[in-house]
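S.K.: Below you'll find the structure I mean.
The values are calculated or read from the model by the stated rules, or taken from the named source; none is laboratory data. Every value quoted in this text rests on a predicted model; they were computed, and no experiment measured them. So basically every Cβ, Gly included, is an ideal-geometry build from the backbone, and we count neighbours across all protein chains shown. Quick note on the areas: whole protein, heavy atoms, side chains included, nothing else; ligands and nucleic acids left out. Shrake-Rupley method; radii C 1.70, N 1.55, O 1.52, S 1.80 Å.
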Amino acid sequence: MHFLTDEDRTEIFYSAAHTGVIYNYVTKKQKLLQGHCNQITSILCSEDKNWVVTADAGDDSMLVVWNSHSGTPVRTFLKPHPGGIKMMDLSADNRYIATLGADEPQTCSLWDWTDKDKDGPQVSMKFDYQTIGSAHWIKFNPMDPHELACNGKNRVLFMKWTYQSETFQYYGAAVGKDNSAQKEEAYTKTIFLPSTEKAVTGTANGEILVWEVSKIKTGIGQIGEKKLEKIVQLNIDQSAINILLTVEHYLVCGNADGTIRFYDVFF
């Protein structure tokens, strides 16, 4: 669910089956965003709340950008991936959409929805299953739309792209030669910490893995690449971290035990 409310309106945005819904909880009226023929798998909302995005998975799938005020579609991509979209994210400048396919082998693409002359993705690549397994999460760096994080159950990839390239450049985040830091618990989500070069990954047992750029040669990873700095147990009861995001300079965790917890940059 996304909160569209500001000083001018009192609305929320969510999906139900194959329909997006913009609901005014004061007037009790709703706009139905229709057109998908499969269940919607992922929805987004821009920072300025002017745009919402919907995507589905299955035959004849679509990726649609809507005007959140009028409820009308402004850009549609037909069959963005062979099996539709599993997960997506919107860059902080609201220009780019990164998508993870629901296909096998899995594809990852980046779309400039503001470029009316380009019908396909700006950048695209196909994942080897050994590279990441089945990826279920993708996230832009809010300070750099050319960097993203993507993770599956047991691997995190950091990815970069340029206007000149046709595919992503990526590396798997290093966890240590002896694998002692490699936990068996599944990774849930990965996000970048604002105003830092760090990123964190939540796990199914209430930990976060903290990744930081290596500035010296350590034998683990390459200089300039993120490697595992430390593991922090945030939830004493080991409940899963299912939601991971930042609000201003705080890290926010939504946990399986029903709690929402706010942390500073030192956790």
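S.K.: What's the total number of residues in segment 8-34 that are within 26 Å of the chain's Cα centre (by Cα), open to solvent by 50 Å² or more (accessible area, probe 1.4 Å) and not aliphatic (A, V, I, L, M)?
M.R.: So the count comes out to 5.
S.K.: While we're on this one: Would you tally the residues in segment 146-166 being open to solvent by 30 Å² or more (accessible area, probe 1.4 Å) and either in contact with a Phe, Trp or Tyr (Cβ under 8 Å, 6 or more places away or on another chain) or under 13 Å from Ile97 (Cα atoms) (or both)?
M.R.: Total satisfying the criteria: 5.
S.K.: Quick one: which strands (runs of 3 or more DSSP E) sit completely within segment 110-165 and have at least 2 residues that are farther than 13 Å from Met88 by Cα and of a type outside the set (Ser, Thr, Tyr)?
M.R.: Where strands (runs of 3 or more DSSP E) fall fully within segment 110-165 and carry at least 2 residues being farther than 13 Å from Met88 by Cα and of a type outside the set (Ser, Thr, Tyr), they are 123-126, 144-151, 156-160.
S.K.: Do we have Ser124 as of a type in the set (S, T, N, Q), surrounded by 13 or more Cβ atoms within 10 Å (Cβ to Cβ) and at pLDDT 95 or above here?
M.R.: In short, yes.
S.K.: Considering only residues that are open to solvent by 20 Å² or more (accessible area, probe 1.4 Å) and in a strand (DSSP E or B), look in segment 76-106 and name the one that is nearest to Lys139 (Cα to Cα).
M.R.: Looking at residues that are open to solvent by 20 Å² or more (accessible area, probe 1.4 Å) and in a strand (DSSP E or B), I get Leu90.
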